[in-house]
Structures are given as C-alpha cells and as structure tokens.
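Down below is the structure, laid out as structure tokens.
The values are calculated or read from the model by the stated rules, or taken from the named source; none is laboratory data. Keep in mind that this is a model prediction, so the values were computed, not measured. Glycine gets a Cβ as well: all are built from the backbone with ideal geometry, and neighbour counts include every protein chain shown.
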Amino acid sequence: MVPDWAREQKEFWESIRRRNLWFIKLRYAVVVMLSVFLFFTTVIFKINYSKTQLIAGVIIIASILLYNLVLHRLRKYVKFDVAKFNPLYLSLFQMILDFLALLMLVYYTGGIESPLYM
C-alpha cells in the first residue's frame, strides 16, 4: 500500500503523523460541537427527538470520544515500519471510524429529514 518512493522518505511519514494528530484534535472539537448541537436542539429549539434518537446521539458522541482517546494514545506507538501497522494505516483506520460514526449519526437523526441536513 505504501508507494515505493515513500518508503525511505522521512518527510512523508512525518507529514502523515502530523495530519493524524491534526484530525485527532479536530475530533475533540467535533465531540464538543455535537454535544452543544444536541443540547441546543433539544432544550432551546425544542426539537422532539425520540428516546432512541437521544440515546443513540449520546452513544455516538461518547463512542467518538472514546475511540479518539484510544487513537490519541495509540498514535505514539505507531512506527515508520512499512511492513507493519504504520501511520498510513492509522489514517485509514481513522477514516473508517469517522465514516461509521457519520453514518450512524445520519441514520438515527432521520436520514434526509435530519436536522443536520437542514
């Protein structure tokens, strides 16, 4: 999966590590924004989410925070070994986890009729 030209390029691996950390920091902001969004839409704007939607929203937010904490700790131990789990694989793993969280969020908030879509 790693291109031949990047196997010995230290700058390539360092830039991937920096971007991984940047996405981890952004994910903390997403957790805060989703929490504020859920609070304001239920309390201030009086959107009547079902009990399932509220529970799913809280679980999704908590799971994003949990896997972000795990990724934040795990990234320190990921080395530049091309044959093993490296920063490029960590990036792909982050993308998959974020995509699953987004899919669950859109599904439980109502799909196309979601307040997030509006």
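Some observations on this one:
- Residue within the range 32-55 that is modelled with pLDDT of 90 or more, touching a Lys or Arg at 6+ places or on another chain (Cβ under 8 Å) and of a type in the set (A, V, I, L, M) present: no
- Filtered residues of the range 35-54 (kept if of a type in the set (A, V, I, L, M) and free of Cβ contacts under 8 Å to residues at least 40 places away in the same chain): Val36, Leu38, Val43, Ile44, Leu54
- Pairs linking a residue in the range 66-77 that is hydrophobic (A, V, I, L, M, F, W, C) to a residue that is at pLDDT 95 or above, with Cβ atoms under 7 Å and 6 or more positions apart or on different chains, are Leu71/Ile24; Leu71/Gln94.
- Among the residues listed as Val58, Val70, Val31, the single one being out of contact with any Ser or Thr (no Cβ under 6 Å at 6 or more places or on another chain) and either assigned to a loop (DSSP other than H, G, I, E, B) or more than 18 Å from Leu103 (Cα to Cα) (or both): Val70
- Across the range 1-31, the qualifying residues are those that are among the acidic types (Asp, Glu) and at pLDDT below 90, and the one among them that is surrounded by the most Cβ atoms within 10 Å (Cβ to Cβ) is Glu8.
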